[in-house]
Every structure is written in structure tokens, then in C-alpha cells.
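The values are calculated or read from the model by the stated rules, or taken from the named source; none is laboratory data. No experiment lies behind these values; they were computed from the predicted model shown. All Cβ positions, even for glycine, are placed from backbone atoms using ideal geometry, and neighbour counts span all protein chains on display.
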Amino acid sequence: MDLPKDPVMLFSFLNMKLRDFYPSLDALCSDLGIDKKALTQEMQKAGFEYNPAQNKFW
């Protein structure tokens with residue numbers, strides 16, 4: 001799956017998917033074939049952290 005390249009668009013895309021379709025980041029990454037470590041590092045570079053208790057990036 002091609003993810004949005006813009007960090008803000010990626011942030012919005014991930015949070016929508018997490019809110020509407022996936023119970024965790026692990027489930028999203030597994031289903032979409034995304035490298036979780038690479039994704040979280042990319043999001044951290046843009047200033048976003050994943051909060052597992054809320055199941056969203058912020």
C-alpha cells in the first residue's frame with residue numbers, strides 16, 4: 001500500500017484507519033504490510049508519537 005508522503009496527511013490517514021478499522025498499530029501494520037519500526041521512526045521525525053492507550057498518533 002502506498003502511504004501519503006506528506007507527514008500531516010500520513011498522520012491524518014493513520015489516525016482515521018486506527019479509529020475506524022484497527023484496534024492497534026500492530027494490527028494496522030500487519031494487515032497493510034507496513035514496517036512498524038520504520039513507520040514510527042518516520043512519524044517521530046515529523047513530531048508525532050503513537051499512544052497505544054488511545055490508539056492514535058498525537
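Pairing residues of segment 16-27 that are under 16 Å from residue 39 (Cβ atoms) and surrounded by 11 or more Cβ atoms within 10 Å (Cβ to Cβ) with residues that are at pLDDT 95 or above and among the polar types (S, T, N, Q), at Cβ distances under 7 Å and at least 6 apart in sequence or on separate chains, gives 18/55; 24/55. So how many residues does segment 28-44 have that are more than 9 Å from the chain's Cα centre (by Cα), free of Cβ contacts under 8 Å to residues at least 12 places away in the same chain and part of a helix (DSSP H, G or I)? Looking only at that region, the number is 6. For the condition more than 10 Å from the chain's Cα centre (by Cα), surrounded by fewer than 11 Cβ atoms within 10 Å (Cβ to Cβ) and either part of a helix (DSSP H, G or I) or hydroxyl-bearing (Ser, Thr, Tyr) (or both), residue 53 does not qualify.
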